[in-house]
Structure formats: structure tokens, C-alpha cells
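Derivation of every value follows stated rules applied to the coordinates shown; laboratory data play no part. No experiment lies behind these values; they were computed from the predicted model shown. Note: ideal-geometry Cβ built from the backbone for every residue, glycine included; neighbour counts use all protein chains shown.
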Protein chains: 2
Amino acid sequence: MTDQIMNLIEEGKFSQARNEIIEMNVVDIAHFLEQLEEEKLLVMFRLLPKEIAADVFSYISSELQQYIIEVIADKEIKSIIDKLFLDDTVDILEEMPANVVKKILKNTSQDRRELINQFLNYPENSAGSIMTIEYVDLKKEMNVKEAIDHIKKIGVDKETINTCYVMNKNRRLEGIISLRKLILSDEETLIEDIMNTNIISIQTYADQEDIAALFKKYDLLTMTVVDNENRLVGIITIDDVVDIIEQENTEDFQKMAAMQPSDEEYLKTSVFNLAKHRVLWLLVLMISATFTGNIIRRYEDALLSVVVLASFIPMLMDTGGNSGSQSATLVIRGIALEEIKLKDILKVLWKELRVSIMVGSTLAIVNFIRIYYFEKVDLNVTIAVCVSLLITVVVAKIVGGGLPIIAKKLKLDPAVMAAPLITTIVDAVALISYFSIASRLLGL
Amino acid sequence: MTDQIMNLIEEGKFSQARNEIIEMNVVDIAHFLEQLEEEKLLVMFRLLPKEIAADVFSYISSELQQYIIEVIADKEIKSIIDKLFLDDTVDILEEMPANVVKKILKNTSQDRRELINQFLNYPENSAGSIMTIEYVDLKKEMNVKEAIDHIKKIGVDKETINTCYVMNKNRRLEGIISLRKLILSDEETLIEDIMNTNIISIQTYADQEDIAALFKKYDLLTMTVVDNENRLVGIITIDDVVDIIEQENTEDFQKMAAMQPSDEEYLKTSVFNLAKHRVLWLLVLMISATFTGNIIRRYEDALLSVVVLASFIPMLMDTGGNSGSQSATLVIRGIALEEIKLKDILKVLWKELRVSIMVGSTLAIVNFIRIYYFEKVDLNVTIAVCVSLLITVVVAKIVGGGLPIIAKKLKLDPAVMAAPLITTIVDAVALISYFSIASRLLGL
């Protein structure tokens, strides 16, 4: 299907191609246009009917958005920007270089420009930067029929009409009411009598993480954003929250893999920026591994007498690291989903203790059979390896389970306490117990 | 506030407590009830008005749902279950033991029981098991006024009326139309002329991961589920998708930390089950570390001559592991969010090569200064450590960036290719390059 349209475009049959394209979903149109050469993209984009051009534009990659804005006429820009919802416009502007922002703002009406500037001033990832102000406002004195008539009159320009907001003269929020409730209620009923006054709202400067948590907790479809005096300033809709949830998860993945988080797409991030986000933690962890090196050096004599001891270091360290990161991951995830609270720390530690003894013993037994019977390693060395394996797994799981909760208690990010940091602690414990047990058993 | 209600309940002032409680959000009521002793929970639950009791019930933990079903009378069960949406009922039943399921089904009408059984037969996490069948159906011959009247008549029992579905006589889906569009259109307009025929739908047996991907791609609020013959069988709403997204993310976190995934909450999972999900991968990775041990044993002579070599093993291994998991995490995440496609493999490898040289050189230089100037280690040993550090970082990042894409190509799960598996490969490379460079430089 898209190949066919591509052929039409190659043959210069643009308006025929257009007729095919407009049957597609706007998201698919955007993806299709992205595959064209720049001039053809421009021709096709200009041929799109006005009603869908703005929608398609909002789904095109920011590089191509920039290209389009740079080459089209002022009048065309105006017709796109006027049709975009305010929050989409702000999202687009945030990605653009200064000259393009200027070109866009020049072609925006005075009121709208002021609003946009106000939005651009909210801190990144705050409720204010995510919300939209295109909502339907009602008054509690209206009856259902009046309310629906009001919606019919102003609803076209609103991002959502599924939830409407009841405000008094001072714009203080008094209640919310769903379109569903309006449709299903009698025409004469007063809004006041059917509106919901139990409103979940959030302040303008709240962080997106808290917003997502509330949406999940209360199964919301929209949430109200209010200022200090409980005046309604905007609403947040669930489609934005889906993006927030993925972004927060991406950040957690990155922190847990010892990176400074970034919300840029991998393929669109420069090599230098990728390196910058990775090198700091690698340096910190590399230097903290000095400590482990010192432990080994303290036991140089033991190593010289029984050099085979060195060959079990990687296995002990890897198993410890993996055990610790298993526990840390489950606990960090539990905290993020609010399934594990600070007060659960003892429950977690007790659980990890029992799990680690079960898992550690299994590993130690398998390992015993493997190295004593198959690899014919000396019994004392085997015992030292297996006992320190058990100790390492237990310590790794206790540390892995406990550290994220302690971090949370200290108001640090639990995700930063993940695998790499725990590995460094666990490595030290593994090596000290291994060498001290081996020294004692082997009389070194 | 909740303390105050708690006091009222302690003093036996139940109906006063009830009057306070019903002012709360249903989610908060559920959380509040969960904190009560079982008998008091029951008293308070029974005092809730019928309209909200079912809603509150659906938010209570499954242990307490089970308790309530076990002790209340058949008639009460019926009044709760009748008010629950079908998909919530199915979710609850999936968590209950057989005797409770029986008690619930006994108190359900014949039609509904058949529907429930049909739902319970869909594979877990398939579109069929997530969808609801409580949607509004319209006919294309209706005009807007008739459609709205139809919604008014049947809408109360429907999970969503924000999107309505237009079907022909054979229940084949012909279009969808939003309540918004209906409200904003002229009363005489025919549904046929304003319905959207560009429908994103999915088959009954599709996996929830694909469902979430479509919701995100097209910014959907609802999606239609159809059978092989394009007959509408149900709809999926975005509130369920938010849960799916978190569940899929949890699975990825678990796989990347070398665990078999489980969607049970940590605190509610038994110690045995936790151990079971962790031990398999630990065993596999422990045994594959034999390989690394063998490498060290091959270089026993080198170690005996220059025993300080052993002390850099942990640093090399940890840095390699961390570098690899950074790259793997970014790429796995990019694949999950569909930002990285299979065809991007060369772009990824080229990017990782450049990043790894940048990062690896920085680490090598810092390390050189640290161990040569501060720890006064022999120059040749220092060079061996730093060169193999650079090689390790480069290999780790290439392997970490490439393996997940290759896994995806082989239709395996990229997340399983994460940190632990990569660590084992990188460990081997690190040790071989380290010892062979050291042997050559030191003439061992």
C-alpha cells in the first residue's frame, strides 16, 4: 500500500498520491512523509487538507518539523500553529532552535504568544509544563441542557470535553462533571446537584512522577492543575501520562545501569552526549574498585601459595553481583510502583534473608559437586569457595534489598542504589570472606 | 482525617464513621478499609451505599476480597457482582481459589456466567482477557439525535460511552464515533457521514505488549478487539493499558536483572517462589563463569611471577560489566519503545564504537595516573591494565549494543540478553586481553 503511494509520488502524480494518503491514520501519514526526500515531503505536506495538516505535523520528527517551518511561508505557519493544541505547540517549541521559535511566535496571535511564553516558563516536567488550558468550564447554576449547549458552542477548540470543570466567579474549582454524566442525566437537573466535588488535583509545580502516581492510583482519565489558591489553571489528560510513565521508566532503567538519565532518543543523541552520560559513574565505580584491589593485595602471600584461588574470583564476584541486582531490582521496582513502603524494610530484609539462604545453598551445593568431583579441586579450597559463595549471596541479597529502601528514607533516588553500587560493596565482602576462610582452612 | 474516622470506629460509632467515609474517593475508601480488623472491615463494608460498594470492592486487595466473599450472604454477593463491570469481575475471579469462584458464579445470572466463563478461557494477557464487552453500539442509519437517545437509554451499564461503535447486522464493525463528535454535530446528521472508518483494531488472541504499543503509537483512548471475521467482540480502554505498560516494564526490569519474570507483588510472593524465579539464571551464569576461571588457570605461571596482576582483575571485570550493561540497557529500552529498529544495527554499532573509544580512553588515562603515579605500580603492569581496560570497554559496548538487536532478530527477548549474559562474555575478553598483554610486556 505505502509502496504504491511511493510509486505515485516518484511518477510525480502528487494529487493522486494525496487522495490515497488522506485515507490513512494521521500517525501513519506522518511516518510515511518522514520517509520521503525533503522536497517531496514538502509538496505532499502542502497538499494535505488543512484539517489534518496540523495533526500530521505534530507527529512528524522534530528535525523535519524544523525543516518545514524554515521553508514554508508565514501564512502557512499561522494556519498550522492556530490548529495545534497549546500543549503540542509548547512541546514542539521546546525542541526547536531559537530562530525557528522566533519564526513561529511571530506568526502567532498576541494572546496565544503570551500563553505560550507562560508555559515555556514552567520548569521542565512540572504539571504546568504538561497541562493544557483548553478545557470546558461550566457554572454550577447551569442545568444539564444549558451545559450541553455551552459545550456545543465552545467544545470544538477544546482538547477534551469528556470531563468538564465547574468554577465560580473567581475561577476557583467547585466540581467536575463528566460528559457521560451530563448525557445520562435529565435535562432539567442542575449541575450543582450532580457534579463531583471529590476532586483529585495537583499544584502547578508538582513533578510529573507524582502526577503519574496519582493517575495510576485513582484510575483517572484527566486531572486538574490548580494554583496555591485552588484556582483552576489547567488540566492534564491521560494520553500525556502514558508518555510520562514510559519516560520515568526509561530514567529508572538508565539509573540502574549506572548512567545519568536523559530523555533523548538513543539514535538522536550525539556520541559526545552519550559518552558524557556514561563516563561519570564508570569513573566513580572504577575508582571504588581500588578498594577491592587492595583486599587482594593484602592476601598476596595466600595467592602465591595456592594460586588456583585466583581462578574462583570471577565466579564469586559475578554471582554476588547478579544476586544483589536481582534483589535490588525487585525492591526498586516495588518502591516505584508503591507496592513497597518505607515501613516494610524489616519485612523485605527478612524475606531476602530466607530467599538468599535458599538460593545460596543451592548454588553452593551445585558448585561443590562441580569443582570437587568434576574439576578435582582440593577439598579445603572447595569448602572455602562454597562457604564464601553462600555468604556472598546472603550479603548481596540483604544489601540489595535494604539499600534502595534506605536510599528512599534519605530522600535519595532508590534507582541510583542499584546493581553497580551494590556490586562494589558485595565484591569487597566476597573477597574478604573468601580469602579469610581460605587462609584459615589452608593454614596460610 | 482517617485517624478521626478510625476513632469513631473504635468507639463503635459505625454509622457516623460511614457518613465520613462516603465523602472519600472510592480508592481511598478501599485503602482505609484494608487497615481495619476483619470484623470491623465487614461491618463498614456492609454499611456502604450500594452504588459505591461494588466500586470499593474492586479496589480492595484480593485477600480481603476473598474474605468478604467467604463470609457474606449470597444475596449480598449478587448485588456486588451485578454492579461490577465484566472485566473487573474476571480480574477478581482470576485471583480467587476455586471455592470462592464457585460461590461467586452461583450468584451470577446465567448469561453473565456464560460470558465470564468465555472470558476466563482467553489466554492470560491476551486482548480477549483484557477487553470489556460493555460498549455502546450504534447503527449507521441512525442520525445524531437517535444515537444520543440510544446512548441515554443504554449508557448507564457501559464501561465507556466516550467512544461508540457502529456495526452492521452481522456485528461487523463499520466505524467508530466519539461522543464528542456526536455532541458537536448537528442533530440531523447521519452517523454514516461522520463516523470514522479508519479503525485501529486487534485480534482476540493478540498479546498485551502489542496492544500497549498500538495505544502508544496512535495516542488511542480505546481500541476495538475483533475476531477473524472482523466482528467486534470487545473494546480495550486506556486505563487497562496503563497497567499493562507498568507490567511489561516490570517484566523487562526482572529479565534484565537475570530473573524469570513474575507479575506477583514482591511482598505477596512466597519466599519459595522468589527463590525459584532467581535461582535458575544464577546457576546458568555461575556455571558459565567456569570458563573465566579456566582462563585464569591458564595464566597461573604469569600470576605466580607477578602476583599483583590479580589485584586488577575485579576492577577490569566490574568496569567491563558496567560498560556493557549501560549500552545494553539503552538499546533494549530503545527496542522496547520502538525507537531502535532491526535495520539500525550498524548505526548502533558505529555509535557504540565511537562512544566506547571516548569513554574507554578517559577511563584508561585516569587509571594510568592513579596506578602509575599514586600506587607506584610497575610501568609494564600499568600499561597492560590500561590497554586491556580500553579493549574491555570497547568490546563490552559493542557486545552490549549488538546482542539485544541480534536477539530481537532471532525472535528472542532482547531483555534476556542484558547485563548478566553480557558480563560473562565481557569477563572472558577482559581476562584474555589482560593476561596476554601482560605476558608479552613482562616477558612471562
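Quick notes on this structure:
- The equivalent ellipsoid that matches the C-alpha gyration tensor of chain B spans semi-axes of 58, 30, 19 angstrom, in descending order.
- Local charge for residue B:443 was computed over the other residues whose Cβ lies under 13 Å away, with Lys and Arg +1 and Asp and Glu -1, and equals -1.
- Between copies, the label points at residue B:146 (set 7 angstrom from Cα along Cα-to-Cβ) are spaced 3.3 nm, reported in nanometres from shortest to longest.
- Take residue B:376, push a point 7 Å out from Cα through the beta-carbon direction, and compare it with the same point in every other copy: 4.4 nm, smallest first.
- Remark: segment B:392-398, residue by residue, has Karplus-estimated 3J(HN,Hα) of 4, 5, 4, 4, 4, 6, 5 Hz, where x stands for each Gly or Pro and the curve is 6.51 cos²θ - 1.76 cosθ + 1.60 at θ = phi - 60°.
- Per-selection metrics, segment B:266-442 (Cα): Rg and Dmax in Å: 18.2, 56
- Other residues whose C-beta falls under 10 angstrom from the C-beta of residue B:189 contribute a net charge of -3, scoring Lys and Arg +1 and Asp and Glu -1.
- Here is the list for segment A:1-104: GluC sites (Glu not before Pro) lying in DSSP coil, each with at most 16 other C-beta atoms within 10 angstrom of its C-beta, are A:11, A:23, A:37.
- Rounded tilt (10° steps) of A:345-368 against the dominant C-alpha axis of chain A: 50
- Neighbour-limited loop hits for trypsin sites (Lys or Arg not before Pro), segment A:340-395 (at most 12 other Cβ within 10 Å; DSSP other than H, G, I, E, B): A:376
- For segment A:112-124, backbone phi angles converted through the Karplus equation (6.51, -1.76, 1.60; θ = phi - 60°) give residue-by-residue couplings of 5, 5, 4, 4, 4, 4, 4, 5, 5, 7, 5, x, 3 Hz, Gly and Pro being listed as x.
- Net charge over other residues, Cβ less than 14 angstrom from the Cβ of residue B:108 (K, R count +1; D, E count -1): +2
- Amide H contacts of residue B:138: B:165, B:166, B:167, each under 5 Å away and 5 or more positions distant or on a separate chain (H built 1.01 Å from N in the peptide plane; Pro and chain starts excluded).
- Sorted from closest to farthest, the other copies place their residue B:52 label points 4.6 nm away, with each point set 7 Å from Cα along Cα→Cβ.
- Relative compactness, the protein assembly as shown, computed as alpha-carbon Rg over 2.2 N^0.38 Å: 1.07
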